[in-house]
Amino acid sequence: MNRRAVAVDGNFQTREVDGRKYIEGYFAVFGAKYHLWDNAYETIDRGAFDLDEDRDVRALTNHDTTLVLGRTTNGTLMLRVDDHGLWGSIEVNENDQDAVNAHARVERRDVSQCSFGFDILDEELMREDGNDVWHIRKVKLYEVSICTFPAYAETEVKTRQNELETIKKRKAEAWRSEMLKKLKGEKDA
């Protein structure tokens, strides 16, 4: 699974309806630049999320699988995609002190950012305005997290850097091969 940080304010809010407490906000924003390193970033394209009814997505705190705040299959996590991004609503379990604490931290704005865990099903690397940009076109979503420090893990950044170097190397090798064919006067060059 690839973890991608959403290092923007999720516009998380808390609300209470009929005695039930909720944490709500955006877990991903379409078109936002999620920086990897200088001159390299990812962006999530509209249509990247397919919220299959059978998909069992969990809401976590800081990607910690022992701190489950809600899940889609039992209705304590509701997710929807709109023109802005992936929005979610977590019903707080009043019998779970970790969930109550998470709600209090969001309410006080001590925690306001988020992240999500997914596999990339389709992406495209492009060069735009001097930047290497990965357009993430389709994902398989596993979890969403409210996070204290949403940031790319060093291993993920290193993985992306290695991917970029491999792509550049392949392009250079293909260009060299094409030029050799032209120099030799070979057809289909």
Listed peptides 64-70, 15-21, 88-94 by packing density, highest first (mean Cβ within 10 Å): 88-94, 64-70, 15-21
Whose amide H sits under 5 Å from the amide H of Lys21, counting only residues 5 or more places off or on another chain, with H placed in the peptide plane? Val92
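Return the carbon/sulfur percentage of the accessible area of the chain, one whole number, probe 1.4 Å, all protein chains in place.
Answer for the chain: carbon and sulfur cover 45 percent of the accessible area.
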Among [x] 7, 23, 24, 23, 15, 6, 2, 0; [y] 9, 33, 28, 15, 8, 4, 2, 0; [z] 9, 33, 34, 18, 5, 1, 0, only one was calculated for this model; which label is it, if the read-out is P(r) over Cα pairs in 10 Å bins from 0, in percent? [y]
With a sphere of radius 10 Å drawn around the Cβ of Lys140, what net charge do the other residues whose Cβ falls strictly inside it have (Lys, Arg +1; Asp, Glu -1)? -1
What helix-only [θ] at 222 nm does the chain give? Using -39500 (n - 2.57) per DSSP H run of at least 4, over all residues, to the nearest 500, the answer is -7500 deg cm²/dmol
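Residues of segment 50-101: accessible area per residue at 1.4 Å, in Å²?
It amounts to 57 Å² per residue over segment 50-101.
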For the chain, the count of lysine pairs 8 or more apart or interchain whose alpha-carbon atoms are under 26 Å apart comes to 26
Under the Karplus curve 6.51 cos²θ - 1.76 cosθ + 1.60, θ = phi - 60°, whole-Hz ³J(HN,Hα) for segment 37-44, x wherever Gly or Pro sits: 7, 3, 6, 8, 7, 10, 9, 9
Amide H of Phe27 versus every other amide H placed in the peptide plane: which residues, excluding those fewer than 5 positions away on the same chain, fall under 5 Å? Leu86, Trp87, Gly88
Once both axes come from the Cα atoms, what is the angle between helix 154-184 and the longest principal axis of the chain, in degrees from 0 to 90, rounded to 10? 20 degrees
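The values are calculated or read from the model by the stated rules, or taken from the named source; none is laboratory data. Treat the numbers as computed from the prediction; the structure is a model and nothing was measured. Neighbour counts run over all protein chains shown; Cβ positions are idealised from the backbone, glycine included. The area values use the complete protein model at the heavy-atom level, side chains included, leaving out ligands, DNA and RNA. Shrake-Rupley method; radii C 1.70, N 1.55, O 1.52, S 1.80 Å.
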